[in-house]
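Colleague: Next up is a structure, given as structure tokens.
The values are calculated or read from the model by the stated rules, or taken from the named source; none is laboratory data. Treat the numbers as computed from the prediction; the structure is a model and nothing was measured. In this analysis, Cβ positions are derived from the backbone assuming ideal geometry, glycine residues included, and neighbour counts consider all displayed protein chains.
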Amino acid sequence: MPLFFNQHQTTSTLNGVASGTTVGMAAVFVGNSNKRVVEGLSANLLLDVETSTLTVAARWQVSNDKSTWIDLAHAPNNPAAVVVGTGTGGADAAITLAIPALEAVYGYKWARIALVTGVTTGASADTYTVGYSYRKLS
């Protein structure tokens, strides 16, 4: 069962992305009703939020058709997605973190991490690279 690191990468900016927008990343096939194909799924984020007061949160989403996405609640009390980056007018260093998938992703065929912007509109200096790490099951 080989390990895969930082697969299915998405790199872009939040230029022109309005507050309250959800930006979905690449999807990972988790398995179907007969077989799970990955375990230990996590998202690797490299996030540089430069625009003053812009916030970026991350949340897991799932799908069975890879087109209709459902947000996963963070059990047990369903809190909102946690802000992982806040811009302070160019003073921030890039943030690197891994966000483990919730156990519920394994009940769906597809999973992805999504970034959610808040407070203000993003700019070209607000960048991200997102990939996934997991163990591939045979």
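Colleague: From the list Val62, Val17, Val28, Val38, exactly one residue is surrounded by 13 or more Cβ atoms within 10 Å (Cβ to Cβ), touching a His at 6+ places or on another chain (Cβ under 8 Å) and modelled with pLDDT of 95 or more. Which is it?
Modeller: Val28
Colleague: When only residues in region 116-138 that are part of a loop (DSSP other than H, G, I, E, B) and of a type outside the set (A, V, I, L, M) count, which is surrounded by the fewest Cβ atoms within 10 Å (Cβ to Cβ)? Even if it seems obvious, please write down each step before you answer.
Modeller: So in region 116-138, the residues part of a loop (DSSP other than H, G, I, E, B) come out as 119-126, 137-138.
Retained after the next criterion (residues that are of a type outside the set (A, V, I, L, M)): 120-122, 124, 126, 138.
Details: Thr120: 14, Thr121: 15, Gly122: 25, Ser124: 11, Asp126: 24, Ser138: 6.
Taking the candidates together, the pick is Ser138.
Colleague: Just for region 92-138: of the residues that are under 12 Å from the mean Cα position of the chain (by Cα) and among the aromatic types (Phe, Trp, Tyr), which one is nearest to Thr22 (Cα to Cα)?
Modeller: It comes out as Tyr128.
Colleague: Now a separate question. Any residue in region 98-120 that's touching a residue at least 24 places away in the same chain (Cβ under 8 Å): show its pairings with residues that are assigned to a helix (DSSP H, G or I) and of a type outside the set (Ser, Thr, Tyr) at Cβ separation under 7 Å, as long as the two are six or more apart or on different chains.
Modeller: Ala111/Val105
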